[in-house]
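Participant: Below you will find the structure I want to go over with you.
Throughout, read-outs are computed from the coordinates displayed, never taken from laboratory work. What you see is a predicted model, and the numbers here were worked out from it, not measured in a lab. For neighbour counting, all protein chains shown are included, and Cβ atoms are generated from backbone atoms with ideal geometry for every residue, glycine included.
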Amino acid sequence: MSTAENSILGLKLPTDPRWVDLASVSLEEILTDHAFCEQKAATQCISLITRYPDRTELVNALAPIVTEEWGHFRMVWAEMKKRGFELGRQRKNNYVNLLLDNEPKLENGEDKLLNKLTLFALIEARSCERFRLLSENLEEEGLRHFYHKFMVSEAGHYRLFIDLAEQYYPADKVRVFWQRWLKVEEGVLQSLAPRGDRMH
């Protein structure tokens, strides 16, 4: 992804170019990890709905995303079955775990929702960037189209989480939390070696 495209998403650090090369030769591993990422995305949206049932705009926005993310899991699983791959066990996600290790200790409980919305927006933005790389660089045309669809979807999800945050909080406060997460993620990515068996 170009510098200009990264700036649209807000990301401070582009993915190491070696990642897509590694991913292209670890297709079963990357599809397996992708499948579990879609499961987790659906679960996180359900968690937000469960925690904030009184936030009608949030419930209305995320209920269809739960369905969409689970549909994405089914799409990835169908692609795996077509290739004779097995799902296997869920893998540890060092990227997300390191982000969570850097969650701020918030005295104001109201800010916890803002923190989660901006964190999820970040993960969707990074996923969008990774899907873009796969859609442009994989040798197999069918897989390039496959990942282009995911790229478009993740871009929409990133925007949705930011829009939700701005419905509940002042725009300048959203920017503060968003910029904090971008800085945290920059450090996380610098600490992780590129792995072709993980989406992140």
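Participant: By Kyte-Doolittle mean hydropathy of at least -1.0 and Cα axial length of at least 24 Å, which whole DSSP H helices of the chain are selected? Write down the numbers at each step before the final one.
Facilitator: Values: long enough: 27-51 (36 Å, 0.10); 56-82 (40 Å, -0.06); 111-137 (39 Å, -0.07); 141-168 (42 Å, -0.41); 171-191 (30 Å, -0.40).
Correct list, ordered by number: 27-51, 56-82, 111-137, 141-168, 171-191.
Participant: Multiply the residue separation of Q190 and A63 by 0.36 nm, subtract the distance between their alpha-carbon atoms, and state the gained length in nm to one decimal. Before the final figure, lay out each step's value.
Facilitator: Working: separation 127, 0.36 × 127 = 45.72 nm, distance 3.45 nm.
That pair, Q190 and A63, stretches by 42.3 nm at full extension.
Participant: Then there is this: Check cross-link reach from K112 to the lysines: straight Cα distance under 16 Å, and skip same-chain residues fewer than eight apart.
Facilitator: K173
Participant: For L100, project a label point 7 Å along Cα to C-beta. Then give me every residue of the range 12-38 with its amide nitrogen under 16 Å of that point.
Facilitator: 36-38
Participant: Now a separate question. Want the number for I46 to E28: 0.36 nm per residue separation, take away the alpha-carbon distance, what's left? Show your work: numbers first, answer last.
Facilitator: Working: separation 18, 0.36 × 18 = 6.48 nm, distance 2.77 nm.
Once the chain is fully extended between I46 and E28, it gains 3.7 nm.
Participant: Could I ask something else about it? Which lysines does K92 reach when only Cα atoms under 23 Å apart count, and residues fewer than 8 places away in its own chain are ignored?
Facilitator: K40, K81, K116, K183
Participant: Under a GNM of the chain (C-alpha, springs under 10 Å), which listed residue has the highest mean-square fluctuation: R83, R18, R175?
Facilitator: R83
Participant: Give me the base-10 log of I(q)/I(0) for the chain at each q in 0.12, 0.17, 0.19 Å⁻¹, Debye formula, one uniform scatterer per Cα, rounded to two decimals.
Facilitator: The Debye formula, applied to the Cα set alone, gives -0.59, -1.21, -1.49.
Participant: When the chain is treated as a GNM, springs tying every alpha-carbon pair under 10 Å, which of V174, V152, V20 comes out with the largest mean-square fluctuation?
Facilitator: Sorting by GNM fluctuation, first place goes to V152.
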